[in-house]
Structures are given as C-alpha cells and as structure tokens.
1. Report, in whole Å, the centroid distance computed from the Cα atoms of region 493-557 and region 403-445.
2. Between Ala286 and Leu353, what is the FRET efficiency for a Förster distance of 35 Å, r being their Cβ-Cβ separation, to the nearest 0.05?
3. For Arg409, project a label point 7 Å along Cα to C-beta. Then give me every residue of region 366-400 with its amide nitrogen under 12 Å of that point.
4. Can you tell me how much longer the chain between Glu309 and Val47 gets when fully stretched, taken as 0.36 nm per residue apart minus their C-alpha distance, in nm with one decimal?
5. Mark the label point 7 Å from the Cα of Ser39 along Cα→Cβ and return the residues of region 90-112 whose backbone N is within less than 16 Å of it.
6. For the pair Phe128 and Ala531, what calculated FRET efficiency results from E = 1/(1 + (r/R0)^6), where r is the Cβ-Cβ distance and R0 = 56 Å, to the nearest 0.05?
7. What accessible area per residue comes out for region 245-364, rounded to a whole number of Å², with a 1.4 Å probe?
8. List the longest stretch of the chain that has no exposed loop site; here a site is one of the GluC sites (Glu not before Pro) assigned by DSSP to anything other than H, G, I, E or B, with at most 15 other Cβ within 10 Å.
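The values are calculated or read from the model by the stated rules, or taken from the named source; none is laboratory data. This one's a predicted model, so the numbers in the text were calculated from it and none came from an experiment. Heads up, the Cβs are rebuilt from the backbone with ideal geometry, glycines too, and the neighbour counts pull from every protein chain shown. Accessible surface areas use protein heavy atoms only, side chains included; no ligands, DNA or RNA. Shrake-Rupley method; radii C 1.70, N 1.55, O 1.52, S 1.80 Å.
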Amino acid sequence: MPEPVAAVPTAEMLRGLGISPGRAAGRVYRMAGPPLLPSPVPVTDPVAEVARAVLGLETVAEELAQRAAKAADPAARDILEAQAMIAADPMLRESVDEQVRAGLDAAHAIDTACAHHRQMLLSAGGYFAERASDLDDIRNRAVAAALGLPMPGVPSPGHPFILTAEDLAPADTVNLDPGVVLALVTEKGGPTSHTAILARALGLPAVVACHGATGIADGTWASVDGDTGEVGAGIGEEAAGEIQRRALAERDRLGEASGPGRTADGHPVKLLLNIGSVADLQAGVAAEGVGLFRTEFLFLDRRTAPTHEEQTSAYAAVLRAFPGAQVVLRTLDAGTDKPLPFLGLADEINPALGVRGLRVARRQPDVLDAQLDAIAEAAAASDASPWVMAPMVTTPGEAADFARRARSRGLANVGAMVEVPAAALHARRLLDEVDFLSIGTNDLSQYTFAADRQHGDLADLLDSWQPALLYLIAQCAEAGRAVGKPVGVCGEAAADPLLATVLVGLGVTSLSMSARSVPAVRDALARHSIAQCRHNAELALAARDPDEARRAVREGW
Ligand code: PEP
Ligand code: MG
C-alpha cells in the first residue's frame, strides 16, 4: 500500500477526474491559449508599426532558437530550429511590411502574412506542406508578442512545474518533457481522450474536467492526485516538498518489481505495452510484449500516404524489440481526434459514428491491404510472428473480411478489437472468425454510454468502473473462455491497478497499458489471489454506479 500522506493545509481543494495515477506537488503554471485578434486599429505611424510587428517575429525566432539550443532530444532540437528559421524568414518579414503599408496594424499584419505563407507552403507540397502547421504556432506567438500578451503554449518557468490548461491537444501533450512537467490538470477533457492516454504514457499524474484549474495563479504551490482527482491549491512549499518526496519513493518501490504478471497464487496475466512507435519502448520497462501498437500515431499530420518501405521499417523495428513475444499491431485507426490527412476523409457531422477505424476500408481497401502487406514483410524480415487486429470491428462479417485479408498474407494471429457494444454482444460469433479479442474500453465506453470520449462534462459516464461496461467485458471474457481463445483489455481501464484485479476476475487474459503503468498494475495483481480478483469482479458488477464499485473493491484492498 502506498504510504499515507498526512492531510495538508490547503487553501483550496479542487476536484476533477483523476486519469493518470500518481501524486505530485510543485508550483503551478498555466498554458495560455492562442491570442484573440482585437478589432483592427488605424495605423498612424507605419514605420513604428512595422517595427512592432518585426519585433514580434524576432522575439519568437529568438525564443525558439534558445529552446532548440537547450533541447536534449535531437528530434525536438531539429523541429525547434526549423521553426526558428521560419520565424526569421526574410520573406515573412517582407510580407508583414507589405501588409502594414497596405494599412494593417502589427497584429493583423502578422496574421495575414502568416496565412499567406502557410498557403505557399501547402501549395509547395511534400516536406514544405508538413511545415505549414508550424506557422500557426509562430503566428500565435508573434501576435501575442506584438500585443504584449502572455506567450501561448507550454510555459517554461525554468524549474519543474505543474501544468494547467483549458485543454491540451495531443500535439501539446506529446512534446511535454516529463523531467520538467510534474503533473497535468485541465479544465476540459475526458478520461479516455488521447491526451489522457499520452499523459499516462509520459507517466505524469493527471486530472481532467477540473473546474477552476486555470484560475490558480502562476507560481502557486499545489498538489495533484491522479488517482482521486484532487488538486490542492495553495498548500505551501514545505507540504509540496513532502508530497513530492513520498511520490518519488513510491515510484522507486514499484519500479523494483519485474517478471511476468501473475496473481498472488500464480494465475498468469500477460502484462503488455501500449505504444505509438518504437520510441515508446526505450523506457526499458519489463513487459511481456506489446498489446496495442497504435500504428496511426506514426502518421498523424501526414498529407502523403506512408510508403511501403516506411511502414515496413517502423513495424520491423518494434517486432525486433520483442523477439518471440506477443506483439499486436493494430491497423490504422483514423477518425475523430486522430485525423490522418493523407486519407482525405470527408468532414462528417458525427465523426465518431462515421467512417473511422476498419470502416475506412469500405472506401479505401487498398490502404488496409497495403498496411497488411507491410506488416507481413516486416514479420518476414524480423523473423517474428506478429498479431494483427482491426479497430472498430462491429459485426462478425467485418471480422471475417479482415481475417481473410490478413490470413491471405500469411499473418496467422488475427484479432478484432471490441470497441462497439454490438461486437461485445456477439463476442462469441466474432471468435468464430478470429483468434483473439482485445477490448478497447475507451471506445467501448464512448459507444455504450453514448458519451463523446473527449467531453469533460460527461466524464462520469466514461468512468471505466461503470458496471454496464464491466458487464460487457464479462461477456467477452466468457466467450473467450468457452472457446479457449485469449481476450485482453487494451483500453485505459487496464492501467488502473485496482480495476485490473476486477478485469482479471472477470476472466480477461492480458492487460495492455503504457509502460509507466505496468509497475503499479503488476504490484496490484501480486497482492491478490485469483479468488480475490473474482470476488472483486462480483462486487464491481453488483454495484449501482462507479463510485460504489470502486468503494466496495477498495475496502477489501
Ligand atoms: C480504445 O478505444 O480503448 C483503444 C484502445 O483504442 P484508442 O484509444 O486508440 O481509440
Ligand atoms: Mg479505440
């Protein structure tokens, strides 16, 4: 059990939903949003106005160059250097100059010049088109500088800090440095949003749907509890230091355990990793393989389709890292918050209910076939036998079609994700077509509770402890047990240590999660026998709501 932390005198306790476990304490800094353009002002002194606009661009170029110089990661350094060069581009300055001479004030001149520049990069295509989105960031920063507003984006106070924000896009989260950011707290966001997933991957305690978080003044000492969702603001430096010390000690304790996942009495439960690329494996966490390789994470923002060679080498790199182990590649899961621009999918009124996941193959079967070809070649090149599965499988017919395409390429372990209630209800029929099921509890919650997974106001419905969700998981696990095929969980539910005991009690055979979640889940399983896990499952299924389920199981911990 974690060492209990003494109650701390808090000036104010805010509550949200804990979505990435662990505790942290430190000073809070807020991420400012993009500046709003005020109404245009008439220009009386064009020379001074040009100087103000150019100074805005220079400030940004300098700041980016400084960040590049400090970046430890070479990839991050290259990106920042490229951005600094764009901000310092003489053509951009000339364009700003022209806009001011045409009558625009500094902020509007920067805005218009950046829009033109962006269009030029897009028209140039290829590498240049991929840099176009960098201009949005440069535009926001330069406009803020010209208007004297706080810089948008992640603050850099020069010491570790707790980041608060209205919301965080996956692109913001993925670049956070876990050595500097202690925890995340957002006003919006749901427990299964991809931002939450990335926070877990970084091992950062995180709380979402926390009203009032962005009202905490910069520099305030605060604590964050990613399990309970509590954020204590104004706790003072001493209390913060003590919480941080204990949090680090607990992390060290959990990190010492290794070996395969098993309950206290030896019932095996495979502990697998959720990854977005081979880079996620560098943490060196002892896991038994990969349970979910989100291949689409490799190609977010791409405007041109990845080539066969690119795909083959990315997949082979992961297969080589786990010789002889289970490695599950999920085919591209485009849609909603994971747009893959190269697919050119039409905008939809209800994108979560539209053409996403495996459904893209209805219109573009060649994309799926090309990916399966690349996986088959990567398997041959790395002498591995990967597992492949499709996202958003809804009917046994879809599972059969996917299995046929995969098997015709020599891929032997073919599975389906269970993310749609129809698939869970027909788990047994799906297992007639495929070799394994992997339950994506994030989407399964979204579709079972008819609640957008990114919607902060509906976060309670998306709670992984919802008994109706657990009931569907139980149906899938029972179907797997009946035919002797594996049924795992790869959604975020698997990363909750206490819930992991419930899932194992329901009959799930593997749990897949981000590397940083593995130690706590391994520890929780090692403290429960399979009989206790089954008892926990009964308690949770019988509860009326998530809080009652959590309480009932926690009491026996
Ligand atoms: C899920 O839906 O639970 C899942 C694992 O897939 P993703 O989170 O990538 O949609
Ligand atoms: Mg999903």
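1. Centre-to-centre distance over Cα atoms comes out at 23 Å.
2. Working: r = 39 Å, r/R0 = 1.12.
With a Förster radius of 35 Å, E is 0.35.
3. 366-380, 386-390
4. Net length gain for the segment: 89.1 nm.
5. Flagged as within label range: 105, 108.
6. 0.35
7. 47
8. 349-557
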